[in-house]
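Quick notes on the structure that follows.
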Amino acid sequence: MELLERDDSARSVVYTLPHLTIQEFVAAVAQFLNPHPGDILKFLTEAHNTTDGRFEVFLRFVAGLSSPMTARGLEEFLGPFPNETTCRVIDWVKEEVKRQSGNTRSEAGKRSLLNTLHYLFESQNRGLAQAALGSVETLSFSGMTLTLIDCVVLSHVIGLCDTIKHLDLGNCHIQCEGIQRLGPGLHKCQELRLGGNELGESGVKLVSAALRNPECKIQELWLWDVGLTDSGAEDLASALSTNPSLTELILGFNKLGDSGVKLVSAALRNPECKIRKLELRDVGLTDSGAEDLASALSTNPSLVVLDLGHNSLTDRSVSALRRLILTIPSLKLIRLVGNHFSETGEKELRSLQEPRPGLRVIVNIGKCEQPLLQDENILLDSPPLSLMAARQV
């Protein structure tokens, strides 16, 4: 309807294309039909820098048309695309990705980088992706809302590039379906941060599958506040028991309860386990669960940092915690802030620091006079402070 409209005053026929996507596609094709590319690089840069994103679909079409495989079907009807234009578009995409990759401190910077990764995805050019991201080790989009298409693009990029070691997708509103799209490339990252997303048990199961991958490189895994419960902990525990690479596991703010903690800690009994940092803050751990935890972790030879803050632990668990501390010689920091110990219980726990130089037992943060260790800072920074405050209320 209304595809053709005659303008009598100009004595010509005007082709009207109401659908915006069709307009943007035709505009992209027009760039490759122009025999004189001229200032196409300047034009593409100006379009990409437009803050309201009005040219993003157009630019994705341009990047896609730079692929010979994509262009081949159109060239049959429109003639060959100028090689100069194709080369300039490819060079522009490569330089934009390089330029944006180090600019992810602000939300605008993260969004701009994500848009350029969409261009890489549309180009389907493996060599281009590797050249553009050859030195990039970190991709951080924390705090952004990622769509399913965004997840597909990230999976594609990670799959093509072996250099990306750190992937931070915390608080990105990713759900199970998004993790399903990301799944194929997750095992390649050394540091994987997925906290604050609504993964649920199904989503965590997909992450567990990445841990089981024989080529898994994940060393640090952040899964705080992802909707994991005790019933979903069994699959994660099974994956942990067979994974030789993991050294840091953040599971705080999940409703694991004593039974879920028991499953996870039992998996860490494996002699091959190399967990150095374990965070179980605000997971519903009680005194009875502390007994199981102490028993399971007592055989772990590598544990350095343990965070059990903000559970309902009381003086009845002091004996088990003391036994845990005394039987793990590698332990340097145990954080117990926000539990329900009496002054006597706190004193008993802190007294273990005297015969163990270098050991920190943090029971009440208000009484901590020494500077925090680097390891403790890592654990303190895992969930955002706003979440911490909300949970305590």
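The values are calculated or read from the model by the stated rules, or taken from the named source; none is laboratory data. Please read these numbers as outputs of a predicted model, since none were measured by experiment. Cβ atoms come from the backbone with ideal geometry, glycine included; neighbour counts cover every protein chain shown. Surface accessibility is based on the protein's heavy atoms, side chains included, excluding ligands, DNA and RNA. Shrake-Rupley method; radii C 1.70, N 1.55, O 1.52, S 1.80 Å.
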Report task. Any residue in segment 314-336 that's under 15 Å from Gly358 (Cβ atoms): show its pairings with residues that are open to solvent by 60 Å² or more (accessible area, probe 1.4 Å) and among the charged types (D, E, K, R) at Cβ separation under 6 Å, as long as the two are six or more apart or on different chains. Result -> none
Report task. Taking Pro301 as the residue in question, decide whether it is part of a loop (DSSP other than H, G, I, E, B), modelled with pLDDT under 95 and exposed (fewer than 13 other Cβ atoms within 10 Å of the Cβ). Result -> yes
Report summary line: Residues in segment 15-26 that are under 24 Å from Ser112 (Cβ atoms) and modelled with pLDDT under 90 total 3
Requested in this report: Could you list, in sequence order, all residues of segment 147-164 that are open to solvent by 10 Å² or more (accessible area, probe 1.4 Å) and within 17 Å of Gly195 (Cα to Cα)?
Outcome: Thr147
Query raised in the report: Between residues in segment 73-102 that are in contact (Cβ under 8 Å) with a residue 24 or more places away in the chain and residues that are charged (D, E, K, R) and surrounded by fewer than 19 Cβ atoms within 10 Å (Cβ to Cβ), which pairs lie under 9 Å by C-beta distance while being six or more apart or on different chains?
Result: Phe81/Glu75
Query raised in the report: Quick check, is Leu278 buried (at least 22 other Cβ atoms within 10 Å of the Cβ), part of a helix (DSSP H, G or I) and either in contact with a strand residue (DSSP E or B) (Cβ under 9 Å, 6 or more places away or on another chain) or acidic (Asp, Glu) (or both)?
Result: no
Query raised in the report: Does Leu59 satisfy the condition of being touching a His at 6+ places or on another chain (Cβ under 9 Å), surrounded by 12 or more Cβ atoms within 10 Å (Cβ to Cβ), modelled with pLDDT of 90 or more and of a type outside the set (Ser, Thr, Tyr)?
Result: yes
Query raised in the report: How about segment 165-182: which of its residues are closer than 18 Å to Leu117 by Cα and open to solvent by 20 Å² or more (accessible area, probe 1.4 Å)?
Result: Lys165, His166, Asp168, Arg181
Report task. Examine segment 191-213 for a residue that is open to solvent by 40 Å² or more (accessible area, probe 1.4 Å) and under 28 Å from Ser135 (Cβ atoms), and state whether such a residue exists. Result -> yes
Report task. State whether one or more residues within segment 261-283 are at pLDDT 95 or above and under 23 Å from Lys347 (Cβ atoms). Result -> yes
Query raised in the report: What about Thr51, is it at pLDDT below 85, open to solvent by 30 Å² or more (accessible area, probe 1.4 Å), under 27 Å from Ser155 (Cβ atoms) and not in a helix (DSSP H, G or I)?
Result: no
